[in-house]
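One structure is given here, and the rest of the page talks about it.
The values are calculated or read from the model by the stated rules, or taken from the named source; none is laboratory data. Since we're looking at a predicted model, the values are computed, not measured. Here the Cβ positions follow ideal geometry from the backbone for every residue, glycine too, while neighbour counts run over all protein chains shown.
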Amino acid sequence: MTEGGGAAAAAGPPGAAAPRAGATDEPDDAAASTRRAWERASAKHVREHDELLQEARRARLLPVEEALLAPVLRARPRVLHPQSGHGVDDHALARAGAREVLGLDYSPTAVGAAQRRADELGASCRYRVAELPPFPVPDGGHDLVYTGKGALIWLPDLDGWAAEVVRVLRPGGHLFLHEAHPLVPLWAWDPDEARVRPDRSYFAAHHVNDTFPALGAVEHQHPLSDVVMAVTRAGLALLELVEHPDPFWRPADVRAAAWDGRLPNSFSLLARRP
Ligand SMILES: C[S@@+](CC[C@H](N)C(=O)[O-])C[C@H]1O[C@@H](n2cnc3c(N)ncnc32)[C@H](O)[C@@H]1O
């Protein structure tokens with residue numbers, strides 16, 4: 001399963017929750033240090049090339065993704081995957097029907113590792129380095145924008161992101177998002193009982209990641225209503241919004257009571273450009 005990039009992070013040393021503020025209040029140096037943190041974290045994709053190659057060979061979408069995306073994937077879409085990371089999901093998309101996948105990520109290391117994997121497997125996946133948004137592709141050229149699994153928390157401005165999603169989709173094209181639930185930063189990782197971290201707020205604008213792989217990076221918090229409103233304000237029609245008890249990623253050595261099925265840990269959203 002894809003790594004969370006801190007999206008599943010909840011435990012660890014407390015840090016002060018910032019008051020909720022405008023979308024542009026992230027200092028430039030925080031954005032730059034987050035990018036450096038991702039460049040360092042992406043070295044793992046190179047070190048673990050052989051394991052990821054094996055994963056890519058048998059990669060499948062999550063059952064909930066397969067269920068919601070089945071009709072879209074049957075039409076053999078051209079897929080854009082913003083913040084594609086190691087790109088293992090792109091092989092799952094190709095196997096499930098995607099004609100081609102273009103992954104965009106601002107880490108040259110992640111892009112290089114994903115392209116090498118795709119080339120070795122002869123997959124129709126290409127990768128390009130880009131700081132997003134904007135998405136460096138023409139208007140209306142894609143049938144599906146597929147993203148999430150630790151993507152939105154790195155973006156300060158969801159309206160700018162959603163406007164780009166609409167621009168690159170053809171009329172009738174879809175956005176699919178499978179993402180960490182915005183409540184996740186509040187869950188402590190105690191094994192005995194699900195607890196809310198005292199140092200976090202659902203309505204904070206951001207917090208500092210205190211776990212691997214993006215330790216020290218600034219994560220933006222977007223309440224579920226902000227995600228839905230950004231998508232609909234941009235002009236997309238909301239088709240599905242589903243909350244799930246399972247996180248999309250669990251560190252191997254952590255067993256948290258917050259994942260026992262009673263709390264939301266991820267969500268899926270399907271929307272369509274009219
Ligand atoms: C959790 S990871 C990968 C998520 C990916 N969907 C997956 O399943 O592998 C998040 C990725 O977002 C990338 N990223 C973060 N902010 C970005 C930005 N503003 N522009 C481009 N890439 C960004 C990072 O380099 C990282 O590879």
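Look through the stretch 32-44, keep the residues that are near the ligand (Cβ under 8 Å from one of its atoms) and part of a helix (DSSP H, G or I), and return whichever of them is farthest from Ala113 (Cα to Cα).
At the first step, the residues of the stretch 32-44 found to be near the ligand (Cβ under 8 Å from one of its atoms) are 34-35, 38-39, 41-42.
After this cut, where a residue has to be part of a helix (DSSP H, G or I) as well, the list is 34-35, 38-39, 41.
On the way: Thr34: 19, Arg35: 17, Trp38: 13, Glu39: 12, Ala41: 12 Å.
Only one residue tops the list, namely Thr34.
Say we look at the stretch 66-112 and pick out the residues that are in contact with a Pro (Cβ under 7 Å, 6 or more places away or on another chain) and of a type in the set (A, V, I, L, M); which of these is nearest to the ligand (Cβ to nearest atom)?
The initial filter retains those residues of the stretch 66-112 that are in contact with a Pro (Cβ under 7 Å, 6 or more places away or on another chain), namely 98-99, 104.
The next check asks that each one be of a type in the set (A, V, I, L, M); those that pass are 98, 104.
On the way: Ala98: 15, Leu104: 6 Å.
Result: Leu104.
State yes or no: is Ser124 hydroxyl-bearing (Ser, Thr, Tyr), more than 13 Å from the ligand (Cβ to nearest atom) and either buried (at least 23 other Cβ atoms within 10 Å of the Cβ) or farther than 26 Å from His244 by Cβ (or both)?
yes
If a residue must be farther than 12 Å from Val184 by Cα and either in contact with a strand residue (DSSP E or B) (Cβ under 6 Å, 6 or more places away or on another chain) or without any contact (Cβ under 8 Å) to a residue 60 or more places away in the chain (or both), how many such residues does the stretch 221-242 contain?
First pass over the stretch 221-242, keeping only residues farther than 12 Å from Val184 by Cα: 225-242.
Okay, now just the ones that are also either in contact with a strand residue (DSSP E or B) (Cβ under 6 Å, 6 or more places away or on another chain) or without any contact (Cβ under 8 Å) to a residue 60 or more places away in the chain (or both), so 225, 228-229, 231-232, 236-242.
Result for the stretch 221-242: 12.
Only one residue in Asp25, Asp29 is away from the ligand (no atom under 12 Å from the Cβ), modelled with pLDDT under 90 and part of a helix (DSSP H, G or I). Which one?
None of the other options fit; the residue is Asp29.
Just to check your reading of the model, which residue among Ala8, Ala17 is in contact with a Lys or Arg (Cβ under 7 Å, 6 or more places away or on another chain), at pLDDT below 50, more than 23 Å from Ala118 (Cβ to Cβ) and within 11 Å of the ligand (Cβ to nearest atom)?
Going through Ala8, Ala17 in turn, the sole match is Ala8.
On the given criteria, is Ala194 modelled with pLDDT of 95 or more, under 22 Å from Gly103 (Cβ atoms) and aliphatic (A, V, I, L, M)?
When the stated conditions are applied, Ala194 does not pass them.
Check whether at least one residue in the stretch 98-112 is at pLDDT 95 or above, crowded, with 22+ Cβ neighbours inside 10 Å, under 17 Å from the mean Cα position of the chain (by Cα) and within 23 Å of Leu239 (Cα to Cα), and report yes or no.
Scanning the stretch 98-112 turns up at least one residue that is at pLDDT 95 or above, crowded, with 22+ Cβ neighbours inside 10 Å, under 17 Å from the mean Cα position of the chain (by Cα) and within 23 Å of Leu239 (Cα to Cα).
If we only count strands (runs of 3 or more DSSP E) wholly inside the stretch 184-268, which ones have 2 or more residues that are surrounded by fewer than 20 Cβ atoms within 10 Å (Cβ to Cβ), more than 16 Å from the chain's Cα centre (by Cα) and hydrophobic (A, V, I, L, M, F, W, C)?
Hits in the stretch 184-268: 237-244.
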